[in-house]
Amino acid sequence: MKNKILTLIFILYILFFAVGSLIARDRDFSDMENRELADMPKLSGKTLASGEFFEDFETYLSDQIICKDFLMKLKVSTNLALGQTKVEDVFFGDGGMLIQEYVNPYNQLGKNIGYINEFAEANPEFELTWLIAPNACLIYEDRLPDYAQCYNQNEVMAYIIGTASDNITVADCTRELMDAREEYIFYNTDHHWTMNGAYIGYGVLCEALSVDAFSKDMYNVTVASDEFLGTLYSSAPTFSQGEDSIILYENPAGQYKVEYMDTGEVSDSLYNYDNLDKKDKYTTYLDGNHAIMKITSNSANKEKLLVVKDSYAHCLLPLLADNFSEIYVVDLRYYHQSVSELARTEGIQRIVFINNLEFLSTDNNFLWLE
Amino acid sequence: MLFSSITFMFTFLPCVILVYYISPKSIRNFILMLFSMIFYAWGEPKYIFVMLASILVGYGMGLLTDYYKKKDRDKAARLAMIISVFVNLGILFFFKYIGFFTENLNKIPGIELKVLGHALPLGISFYTFQILSYSVDVYRGKAKCQKNIINLAAYITLFPQLIAGPIVRYETVAGQLDKREESFDMFGDGVNRFVTGLGKKVLIANMCGEIFNNLSGLSASENTVVLSWICSIAFSLQIYFDFSGYSDMAIGLGKMFGFEFLENFDYPYISKSITEFWRRWHISLSTWFRDYVYIPLGGNRKGKGRTLLNIFIVWFLTGFWHGAEWNFIIWGLYYFVLLMLEKLFLLEWLKKAPGIISRLYSLFFINLGWVIFAYDKMPALKNAVLNMFGGSGLAFSNDLTIYYLISFGLFFVIAFVAATPLPKRLAAKLLNNKNEGVVTGLNAVFILCVLVLSTAFLASEAFNPFLYFRF
C-alpha cells in the first residue's frame, strides 16, 4: 500500500511539471527576474551535432517550467534558512536591504581609467568633469551581514582620483552621501541610487561645473510608486521582500523636450510614467537605457553639455536639465561612434562623465570612447 | 543527459516510464535500449557509434567464445575473448589516454609526436568495463553467452548506470534481462532511492561544489589556513554526495524498471581504516579490479614479491582509471602506500585504538587524498597542500573565514550527519510504526519535500556540475 502511494505521488509529480510546463503558454519575459526567457531552441543537424541544442533545451525548460517564480523564491529562502546571507552576488543586509557585492576591481578598472585618460589627453580642448558615485556597499557598509566584506570603495576612489589625468576634474560625492545616509538615498532592492541620492550627486556635480544647483524646494517631490522590486531582488527573490518607492522631482516651471535619437521617439517629459506599471520601474527616469538622447529645456543658461554616462545618471539628468538648455547624453554600451566628433559637431565645450564605481569596475565598453 | 536536470526529470523520465509500461513484456528490453540510446545521444550524439562498435565486438566475440567453448577448443575461445578485451581496451586507450601518452612522450628529447586531443566519450570507462566483464565471464563460464543482441545492448546501454556507474556486472543482471517482475513494491522502493540520490546530488553535492569552486579560486591575500581546510572538506563532501547520489539514482531507476543492482557505496566516511574505506567506496570498481586484474595476475598466491607487484598494478590502474593525468596516478599510488602500511602494522594498531582516533586518521588521509584528486595541475596541487599545512605563510583565519563558517556551518553539520548511517537508522525507527498510514504519510512528506526543493534548485539554474567527464 505504502509503495503504491509513493509510486502515485512520484508519477503525478513528474507529470505535473511535464504536462503543466507544456500546457502553460511560454512566457517571453519574466517580470520577477527582469529578463527575457529562452525560446524553444531550433532543431537542426548543426545544433544537434554540436550539442548546442541540448544545452539550449535545458535552459528553455528551466526558464519555462511551471511555477518558476515560486521555485526561485523557495530556493533563495532555503539558502537563507540555512544561515547563508549571500545569494548570487547579493548580500541580505540589515533592515531588509539587498546590497550588491563589490570585489577587487583593478583588472577592468585600470583599463577603464586608461581609456578615459587617453580621451582626455587626445582632446585637450574640452573641459572634462567626472562625477563618480560609490555604491550602497560603501555607504551602508554597516548593514552588511556580520563579517561579510566588500572591497573598500574609499581606497578605489582614492586610486581613481590619484590616477585620473590632470585634464579631468573628478567630483567625488562619497562624503555628501555619507552625511545623508539616514535619508532614503539607495534602494533596498535595486543596485541604483534613488532620486534623493542623485540629488546629492547633482549638488556635487554643479559645484564642480561652477553652476548653481537648484534648491530642493523648487521641486514637487512625489512618490510615484511604492511597489518597486529592483534588479537585486530579481537575482535573489524571496517571499517577504519589502518594496521600494520611486521618487520623482518635478520642476513645475520646467519645459522639456527629450529626443531619444536611437529610437526616434520624442517626449515632452523627463519621465516615462507608463513604466511605473512595469516591473523595472527605474526605467521611468528618461525611459531607461538609450544609446543617445537630447534633452532640451527652458533653462536660462543656454550652454550646451555632453554627458557620457551609466544608468546612475538616469535620475540625475532630470535635475541637470534645469541648468543647461541642451544636453546630449550617450551611453557607451550602445553608442559606438566618436564622442569627440559629436561634441565638435554640436559645438559643445563641456563633457561630463557620470559613473558609479560598480559600473566603472566591471563594464568593458569604455574602449569605444574616442 | 544528466539525472539531475529538468530535461531528464520532466521530459525523458515520464516518457520512458509511460512507453515502457504500456509496451508488452516481450519488447521492453528493446524499449529500454532505444531510450538509453536517446539518453546517451543527448549531448553526445557523435560518440554513440563508438559505444555501438564496442557492443558489437563484445557481442560477436561472446558468440565465438561460446561456440569454441562448446567444441572444447579452449585456445580459440580464449582468443575470441582476448580480441574483445584488446579491441575494447584499445578504444578506451585511444579516446582517453592517447593524448596523455603523446604529451608525456614528447617531453623526452628527440620525440615529437602529434598530440591527439579529442573529447572523451561520455561514460566510456564505465561501459568498457562492463563489456570486459561480460567477455571474461562468458569465457570463464560464469555467465551464459547472450544470443540476443538487443538484450546485450540493453544491458550495456541501460541508462540508469550508463554514464556514472555503478559498474553492473553482466552476471548480476543476466537473469533479470531475460525475466524480471516489475511491481509497485519495487517501483516505490525505487522512488525512495531515486529521490534520496537526487537530494544528495542537487541539495548537498552541488552546494559543496560551489563552495569548493569559490574557495579554490581565492587569491593568497584572501585565503587562510582554515579556509583551505574548508575547501578540501567541501570537495570531499561533494565527491561523496555526488557520486553516491548518482549511484542511488541509478539503483532507484533500475528498480523502477524491475532491475536489482548491487550497492556501490556503504557510508565510506565512517571507516576506521583506509582498508575499510576501500571496501565501502565505489564497491563496483574495487571488486572489478579485484576479480578482473588482481586475481588473474595471481593475487596473493605467487609469493610476497609478486603479491606486492599485483597490488601496485591494481592501484596504479585504479588511479589512472579516474583520469588521464598524473595527479590521478599519484592518488592511486598514495592509496597503495597507505594500504601497504596498514597491511604491515598499522591495521593492528588501529584495531586497538579508540574509534575516534581510527576514524579521524581515516578521514584525514581520505581528505588529503581528495586534495590530490581535485587538482590536476601540479603547481595548484602543491599550493593547496602547502596552504593547508601552513607552508605558504597564510593567515590562520580572517573575517572571510568567519563569514564562511557562519554561512555554511549549519549546512556542513547537515552534510556530515547525512554522510553517516544516522538518518537511515532514524528513518527505520520512524517507519517501524505499526500504523501504516503514519508510515506512508511520513515517507510521502519526505519524498515531496526533497522533490520540490530539488526542483527549485534545478529551476534556479544553481551550480550543477558533472564530475565524471574524465572517468
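The values are calculated or read from the model by the stated rules, or taken from the named source; none is laboratory data. No experiment lies behind these values; they were computed from the predicted model shown. When we count neighbours, we look across all protein chains shown, and the Cβ atoms used for this are built from the backbone with ideal geometry, even at glycine. For the accessible areas, the whole protein counts, side chains as well, though only heavy atoms, and no ligand, DNA or RNA atoms are used. Shrake-Rupley method; radii C 1.70, N 1.55, O 1.52, S 1.80 Å.
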Average beta-carbon neighbours from other chains, 10 Å sphere, peptide B:191-198: 2
At B:LEU317 and A:ALA208, where each label point lies 7 Å from the Cα along Cα→Cβ, what is the point-to-point distance in nanometres? 7.0
Through the Karplus equation 6.51 cos²θ - 1.76 cosθ + 1.60, θ set to phi - 60°, convert the phi angles of region B:14-21 into ³J(HN,Hα) values in whole Hz; use x for Gly and Pro. x, 5, 5, 5, 4, 5, 4, 7
List, in the order given, every pair from A:LYS281/A:LYS309; B:LYS25/B:LYS255; B:LYS200/B:LYS377; B:LYS352/B:LYS429 whose Cα-Cα distance in the structure shown is over 23 Å. B:LYS200/B:LYS377; B:LYS352/B:LYS429
What is the P(r) of region A:2-66, as percent of Cα-Cα pairs per 5 Å bin from 0? 4, 16, 18, 17, 15, 14, 8, 5, 2, 0
What do you get when you divide the Cα radius of gyration of region A:5-134 by 2.2 N^0.38 Å, with N the number of residues? 1.66
Taking 50 Å² as the minimum loss, tell me which residues in region A:2-41 lose that much accessible area going from the chain by itself to the full protein complex (1.4 Å probe). A:LYS2, A:ASN3, A:LEU6, A:THR7, A:ILE9, A:PHE10, A:TYR13, A:ILE14
Rg/Rh ratio calculated on Cα atoms of region A:232-295 (Kirkwood radius): 1.06
Spatial separation of Cα centroids for region B:144-209 and region A:209-260, in angstrom: 59
Interchain or sequence-distant (5+) residues whose placed amide H lies within less than 5 Å of the amide H of A:PHE186 are A:THR194
For region B:6-180, convex hull volume per residue from C-alpha positions, Å³: 125
Using label points projected 7 Å from each Cα along Cα→Cβ, tell me how many nm separate B:PHE345 and B:ASP178, to one decimal. 5.5
Using distinct alpha-carbon pairs, which all enter the 1/r mean, Kirkwood radius of the protein assembly as shown in Å: 31.0
Could you give me the ³J(HN,Hα) list for region B:147-158, computed from phi with Karplus coefficients 6.51, -1.76, 1.60 and θ = phi - 60°, whole Hz, x at Gly and Pro? 7, 8, 5, 5, 5, 5, 5, 4, 5, 5, 8, 2
How high is the relative contact order of region B:53-202, given as a whole-number percent (alpha carbon pairs under 8 Å, six or more residues apart)? 25
Output the relative contact order of chain A, whole-number percent, from Cα pairs under 8 angstrom with separation of 6+ residues. 17
Say R0 is 22 Å: what FRET efficiency, to the nearest 0.05, do A:ASP26 and A:THR263 get from their beta-carbon distance? 0.25
Straight-line reach from A:LYS279: which lysines fall under 17 Å, measuring Cα to Cα and dropping same-chain residues less than 8 apart? A:LYS68, A:LYS73
Between B:VAL445 and B:CYS15, what is the FRET efficiency for a Förster distance of 22 Å, r being their Cβ-Cβ separation, to the nearest 0.05? 0.20
Average silhouette area of chain A, convex hull of alpha-carbon atoms, in square nanometres: 23.1
Rg and Dmax of chain B, Cα atoms only, in Å: 23.4, 77
Dividing the mean separation of Cα pairs under 8 Å (6+ apart) by the residue count of region A:172-294 yields a relative contact order in percent of 21
Residues in region B:223-244, backbone N under 13 Å from the label point at B:ARG279 (7 Å along the Cα-to-beta-carbon vector): list them, ranges by number please. none
Pairs over 19 Å Cα to Cα, from A:LYS216/A:LYS278; B:LYS46/B:LYS96; A:LYS86/B:LYS382; B:LYS70/B:LYS179; B:LYS201/B:LYS424, come to A:LYS216/A:LYS278; A:LYS86/B:LYS382; B:LYS70/B:LYS179
1.4 Å probe accessible area per residue over region A:214-261, in Å²: 48
To the nearest 100 Å², how much accessible surface do chains B and A hide from each other in total, with a 1.4 Å probe? 4200
Could you give me D for region B:186-459, from Stokes-Einstein at 37 °C and 0.692 mPa s, where the hydrodynamic radius is the Kirkwood radius over C-alpha pairs? Units µm² s⁻¹, please. 159
Sort B:TYR240, B:TYR375 by heavy-atom solvent-accessible area, probe 1.4 angstrom, most to least. B:TYR375, B:TYR240
Ignoring the sites themselves, what is the longest stretch of chain A with no chymotrypsin sites (Phe, Trp or Tyr not before Pro) in a DSSP loop and at most 13 other beta-carbon atoms within 10 Å? A:1-238
